[in-house]
Structures are given as C-alpha cells and as structure tokens.
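S.K.: If you scroll down you'll find the structure; I have some questions about it.
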Amino acid sequence: MISFQLAGRFHAAFVREMSGTNEFPVIEFYAGTFTRPPAWADLSGRPAAADRGRSRFGVVGLSHLPGPAHQVLAVEAQDPHPPHGADPRPGEGLWRLSDLMSLQEDVRRLFGGRIH
C-alpha cells in the first residue's frame with residue numbers, strides 16, 4: 001500500500017501489479033482521504049474510490065519509493081486485500097496510464113476536486 005499526499009491530505013492506494021519487469025506499478029485508490037498516512041486498520045473493508053477500474057492507474061515514474069519529493073510513500077507491504085468494488089466490464093479497460101506528475105490531476109478528478 002502506498003500513501004499519496006496532495007494539498008495536505010493523504011490518499012491510499014493498493015499496488016495491484018507491476019507492469020512489465022519492474023517498469024511501473026498499477027495502483028488502485030481506496031475511497032476517502034486522511035489527515036495522516038493511513039494504516040491497514042484504516043483501510044480494512046474500504047471500497048475503491050470508483051468502481052469498474054476507474055480508480056486504477058499505471059503510473060510511469062513510480063518505481064522508487066519514497067518519491068523524489070517525498071509525496072509518495074510506501075506504507076505497508078504483503079497485505080492481499082485490495083479495495084473492493086466492481087471490476088471493469090469487457091471493453092472498459094483495466095486501468096488508465098498516467099505518470100507521476102499527471103497523477104496529481106488524476107487524483108483531483110477522481111476525488112471530484114475535493115482534496116481538503
């Protein structure tokens with residue numbers, strides 16, 4: 001699980017897979033924001049930020065943690081429980097490709113611009 005800080009709030013994401021040989025992770029955001037980096041106990045049973053894969057991103061440039069600006073931190077590892085929600089339907093795409101800089105705008109859109 002990683003924590004992504006934006007505008008003083010923390011967002012949690014589950015690392016679903018690595019695309020290619022350590023090329024970039026595919027992450028899925030949990031619903032909700034936090035005032036501190038969340039722990040597994042904060043996320044137990046929590047849904048995905050959006051259903052049908054719309055909160056899943058392949059993030060190019062997110063291969064080393066913490067991120068260069070310490071905005072992205074590794075929080076926990078080895079927990080097999082991703083956020084729950086409906087998987088994408090055929091033809092909807094499994095995840096959206098992004099990069100570390102564009103992810104900020106992706107998070108704003110995902111959470112409806114409400115990041116406080």
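S.K.: Which net charge results when you count Lys and Arg as +1 and Asp and Glu as -1 among the other residues whose beta-carbon is under 15 Å from that of residue 93?
M.R.: Taking every Cβ under 15 Å from that of residue 93, the sum is 0.
S.K.: With Kirkwood's inverse mean 1/r over C-alpha pairs for Rh, give me the Rg to Rh ratio of the range 1-65, two decimals please. Please report the intermediate quantities before stating the final value.
M.R.: Numbers: Rg = 11.8 Å, Rh = 12.3 Å.
Expressed as Rg/Rh, it is 0.96.
S.K.: A further question follows. For residue 23, what is the net charge nearby, where nearby means another residue's Cβ is under 15 Å from its Cβ and Lys, Arg count +1, Asp, Glu -1?
M.R.: Local charge sum for residue 23: -1.
S.K.: Give me a comma-separated list of calculated 3J(HN,Hα) values for the range 33-45, in order, Karplus coefficients 6.51, -1.76, 1.60 applied at θ = phi - 60°, integers in Hz, x for any Gly or Pro.
M.R.: Once rounded to whole Hz, the list reads 10, 9, 8, 8, x, x, 10, 4, 4, 6, 10, 4, x.
Values quoted throughout were computed directly from the atomic coordinates according to the rules given, and no laboratory measurement underlies them. The structure presented is a predicted model; accordingly, all values stated were derived computationally and were not measured. Every residue, glycine as well, gets a Cβ built from its backbone with ideal geometry; the counts of neighbours run over all protein chains shown.
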